[in-house]
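This report concerns only the one structure given below.
Nothing in this text is a laboratory measurement; each read-out follows from the coordinates by a stated rule. Quantities reported herein were computed from a predicted structural model and do not represent experimental measurements. Ideal geometry is used to build each Cβ from the backbone, glycine not excepted, and the neighbour counts take in all protein chains shown.
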Amino acid sequence: MLFKQQALLRQKLFVLGSLAIGSLLYLVARVGSLDRLQPLCPIDGRFGPRSQDEMQLRALQFKRGLLHEFRKGNATKEQIRLHNLVQQLPKAIIIGVRKGGTRALLEMLNLHPAVVKASQEIHFFDNDENYAKGIEWYRKKMPFSYPHQITIEKSPAYFITEEVPERIYKMNSSIKLLIIVREPTTRAISDYTQVLEGKERKNKTYYKFEKLAIDPNTCEVNTKYKAVRTSIYTKHLERWLKYFPVEQFHIVDGDRLITEPLPELQLVEKFLNLPPRISQYNLYFNATRGFYCLRFNIVFNKCLAGSKGRIHPEVDTSVITKLRKFFHPFNQKFYQITGRTFNWP
Ligand code: A3P
C-alpha cells in the first residue's frame with residue numbers, strides 16, 4: 001500500500017516537474033518573441049535620455065521581429081499597413097562569387113537588426129525574361145521591411161553575366177556591391193562538386209574534374225571551362241569597374257568567413273555604414289557540421305543546409321599546381337585593383 005502511494009507520488013511529481021519545465025521553456029520562447037513584438041512607444045523619445053542610435057536600433061529590432069512573425073504567417077496585412085512596412089529595392093547586393101560563401105554571408109548579415117534578406121536568389125539582372133518584367137516586379141520580390149532597414153539580395157550569377165553591371169547601374173548607381181571570394185582553385189573544385197552532385201542525383205555520369213579543367217590537346221588549363229573562368233576574378237571585376245568605382249565594392253574573404261566569420265562580418269558592417277551589432281554570441285561553431293552556425297537568440301539557431309560544405313573529390317596534385325600557377329597573375333591583379341591581398345598560393 002505504502003509502496004503504491006509512493007509510486008503515485010513519484011508519478012505526480014514527475015508530471016508536475018515536466019509541466020514546470022515545459023512552462024519555463026514556453027515562457028523563455030514567449031519572452032523572446034514578445035520582446036521582438038513589443039511596440040515602440042511613440043512618445044518614448046520625449047522621456048528617457050535614450051540616444052538616437054539606441055532608439056533607432058530598438059525600432060529596427062522591433063521591426064525585425066514583426067517581419068519574422070509575418071514570414072511565419074503571424075503578422076497580418078493590417079499590421080504591415082499599420083507599421084508602414086514596405087518592399088524596398090536592395091541597398092546592397094551580394095553579386096558573387098558562386099561557391100564563395102554567398103549564402104553564409106547573406107544569412108550572417110541577416111543577423112543584423114537593420115538588415116533584411118531576400119531569401120531566394122532573384123536572378124533579375126542576369127535573366128532576360130525576368131529583367132523584361134521591369135523594376136516593379138523586382139521590388140515586389142523583396143521582403144517587407146521598414147524604411148530604416150536595408151534589403152540585401154544575393155544572386156552569384158550577377159558577377160559573371162555580361163549585361164548585369166549596366167542594368168544594376170541603371171537601377172541605382174550608388175548601390176553597394178559585395179563580392180565574396182575564395183582561393184580560386186578551391187572555388188573551381190567546389191563549383192565542379194556542385195555540378196557533379198546534380199548529375200549524380202539524376203543518375204548521370206560526369207567527367208572527372210581533371211578532364212574538364214585541363215585541355216587534353218594542349219595540356220594547358222582549359223579556359224573554356226566555366227568553373228575555371230569564374231575563378232578569374234579580375235576579368236569579371238574589370239567589367240564592373242566600367243560602371244562603378246572601386247570604392248563601391250567590398251571584397252569578403254570567403255575562406256576566412258568559414259574559419260573566423262566575425263571579423264569579416266564586422267568589416268561588412270562598416271562598409272554598409274551599419275552600427276556593429278553582430279557579435280560572437282550570434283555565431284557558434286558546430287563540430288558536427290564543421291562550420292559556424294547562427295544563433296539569433298536563446299531559442300532560435302540554425303546551421304546552413306547540408307548542400308553547403310560538401311566534401312570535395314580528390315584532385316590530382318599536378319592539376320592543382322597547374323591551376324594555381326595559372327590563376328597567380330590574375331590574383332595579383334585582383335589584389336592590386338581591390339587593395340585586398342590574400343595568401344593564395
Ligand atoms: P563547399 O560546399 O565547397 O564547402 P555558396 O553559398 O556561394 O554556394 O558557397 C558555398 C560555400 O560556403 C561552401 O562551399 C562552404 O565552404 C562555404 N561556407 C562558408 N561558411 C559556411 C557556413 N557557415 N556553413 C556552411 N558553408 C559555409
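Per-structure values
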| read-out | value |
| --- | --- |
| Filtered residues of the range 266-275 (kept if assigned to a helix (DSSP H, G or I), of a type outside the set (D, E, K, R) and out of contact with any strand residue (DSSP E or B) (no Cβ under 8 Å at 6 or more places or on another chain)) | Gln266 |
| Selected residue [more than 20 Å from the chain's Cα centre (by Cα), among the basic types (Lys, Arg), more than 16 Å from the ligand (Cβ to nearest atom) and surrounded by fewer than 13 Cβ atoms within 10 Å (Cβ to Cβ)] from Lys270, Lys235, Lys224 | Lys224 |
| Members of the range 290-312 that are part of a loop (DSSP other than H, G, I, E, B) and hydroxyl-bearing (Ser, Thr, Tyr) | Ser307 |
| Of the criteria (1) over 25 Å from Ala157 (Cα atoms); (2) within 10 Å of the ligand (Cβ to nearest atom); (3) surrounded by fewer than 18 Cβ atoms within 10 Å (Cβ to Cβ), which one Glu314 fails | (2) |
